[in-house]
Amino acid sequence: MRRNFGRELLRILYPPHCYFCQQAIEEDHYLCGDCSQDMARVEMPYCQYCGESYDGVIEAQFRCPNCSDMELAYGFARASLVSSEASLSLIYGLKYQKQRHLARALAFCMAEVFENDERFMNVENWCLVPIPLHWKRQWRRGFNQSEALAEELSKLVHLPVRKLLKRVRSTKTQTRLSRNQRLENLQGAFRLRPEFQRYKSQSEGVILVDDVFTTGATVNACAAILGQEFPRENIVVLSAVRG
Ligand SMILES: [Zn+2]
Ligand SMILES: [Zn+2]
């Protein structure tokens with residue numbers, strides 16, 4: 001009772017508003033309908049493996065140049081938003097300005113994929129697995145942005161969050177590395193957490209949740225570890241933004 005009162009009071013003092021246009025909004029997902037719709041979504045046609053979008057018509061089995069030379073440890077990857085000033089500004093706010101609430105705005109967009117991509121329609125017994133950060137980086141940032149996204153997404157799609165992976169090696173920041181350097185950089189970076197055994201029987205598959213999918217090297221390294229326990233087609237990737 002008292003907690004609700006506190007929350008109500010906060011809403012009166014600080015009414016929720018849109019992150020972009022500052023317009024007051026009813027729901028607390030931090031984007032008004034117009035600003036949300038203005039952000040470009042990844043739409044068909046896109047590569048059925050890595051989620052890269054293409055102009056024109058492509059065949060379902062088309063393997064794009066972006067991923068054709070990669071050995072994928074996951075079934076497929078999908079992202080919700082195209083990389084744009086707006087989508088990257090949400091990511092930047094979340095990751096570097098500690099605006100954790102923006103995870104909710106991004107999760108709303110990610111949840112749309114469950115509605116419009118039929119490959120996400122039979123995942124009732126799956127779980128959401130955030131990409132782990134090394135504890136040092138998480139400590140500096142205050143939280144793990146992939147975990148924040150997974151937690152918000154969990155409320156919308158009703159799948160549990162399971163932190164099955166652990167980052168055991170702190171790696172150099174990947175931004176300036178080529179794909180091969182990224183793969184090398186990630187060797188031995190992830191491990192299954194001991195709790196894994198407890199959850200294994202409860203999930204048929206996993207959806208790896210990440211903020212930005214660029215080369216896919218990080219998620220691929222995570223999928224390779226999960227592949228010790230799950231068939232490859234039961235490991236898929238969902239990112240907020242396709243970098
Ligand atoms: Zn707005
Ligand atoms: Zn591809």
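Note on segment 9-54: among residues that are within 16 Å of ligand 2 (Cβ to nearest atom) and small (Gly, Ala, Ser), the one that is modelled with the lowest pLDDT is Ser53. I'd like to know if segment 178-187 contains one or more residues that are touching a Leu at 6+ places or on another chain (Cβ under 7 Å) and more than 22 Å from Leu106 (Cβ to Cβ). Checking segment 178-187: at least one residue is touching a Leu at 6+ places or on another chain (Cβ under 7 Å) and more than 22 Å from Leu106 (Cβ to Cβ). Note on segment 166-176: residues that are under 19 Å from Pro132 (Cβ atoms) and modelled with pLDDT under 75 amount to 5. Checked against the criterion of being buried (at least 18 other Cβ atoms within 10 Å of the Cβ), in the same structural domain as Ser68 (by TED's automatic domain parsing) and among the polar types (S, T, N, Q), the candidates Asn125, Asn220, Asn180 yield just one match: Asn220. Taking the listed residues Leu90, Leu72, Leu94, Leu81, the one that is within 16 Å of ligand 2 (Cβ to nearest atom), of a type outside the set (Gly, Ala, Ser), under 20 Å from the mean Cα position of the chain (by Cα) and surrounded by 14 or more Cβ atoms within 10 Å (Cβ to Cβ) is Leu72, with no other qualifying. Among the residues of segment 192-207, is there at least one that is buried (at least 19 other Cβ atoms within 10 Å of the Cβ), modelled with pLDDT of 95 or more and in the same structural domain as Leu102 (by TED's automatic domain parsing)? Yes - at least one qualifying residue is present in segment 192-207. The number of residues in segment 13-68 that are touching a helix residue (DSSP H, G or I) at 6+ places or on another chain (Cβ under 8 Å), near ligand 1 (Cβ under 9 Å from one of its atoms) and of a type in the set (A, V, I, L, M) comes to 1. Looking only at segment 31-48, residues that are within 28 Å of Gly216 (Cα to Cα) and in a loop (DSSP other than H, G, I, E, B) come to 9 in all. On the stretch given as segment 207-223, residues that are under 18 Å from Leu186 (Cβ atoms) and touching a Phe, Trp or Tyr at 6+ places or on another chain (Cβ under 8 Å) total 6. The single condition among (1) modelled with pLDDT under 95; (2) under 29 Å from Ala86 (Cβ atoms) that Gln187 does not meet is (2). Checking each residue in segment 131-147 for being among the charged types (D, E, K, R) and loosely packed, with under 13 Cβ neighbours inside 10 Å picks out Lys136, Arg140.
Does Gly56 count as exposed (fewer than 11 other Cβ atoms within 10 Å of the Cβ), assigned to a loop (DSSP other than H, G, I, E, B), on the phi > 0 side of the Ramachandran plot and not β-branched (Val, Ile, Thr)? The answer is yes for Gly56. Out of segment 17-39, which residues are among the polar types (S, T, N, Q) and either within 24 Å of the chain's Cα centre (by Cα) or closer than 20 Å to Glu151 by Cα (or both)? Hits for segment 17-39 are Ser36, Gln37.
The values are calculated or read from the model by the stated rules, or taken from the named source; none is laboratory data. Quick caveat: nothing in here was measured; it's all calculated off a predicted structure. Neighbour counts are summed over all protein chains in view; Cβ atoms, including those assigned to glycine, are modelled from backbone coordinates with ideal geometry.
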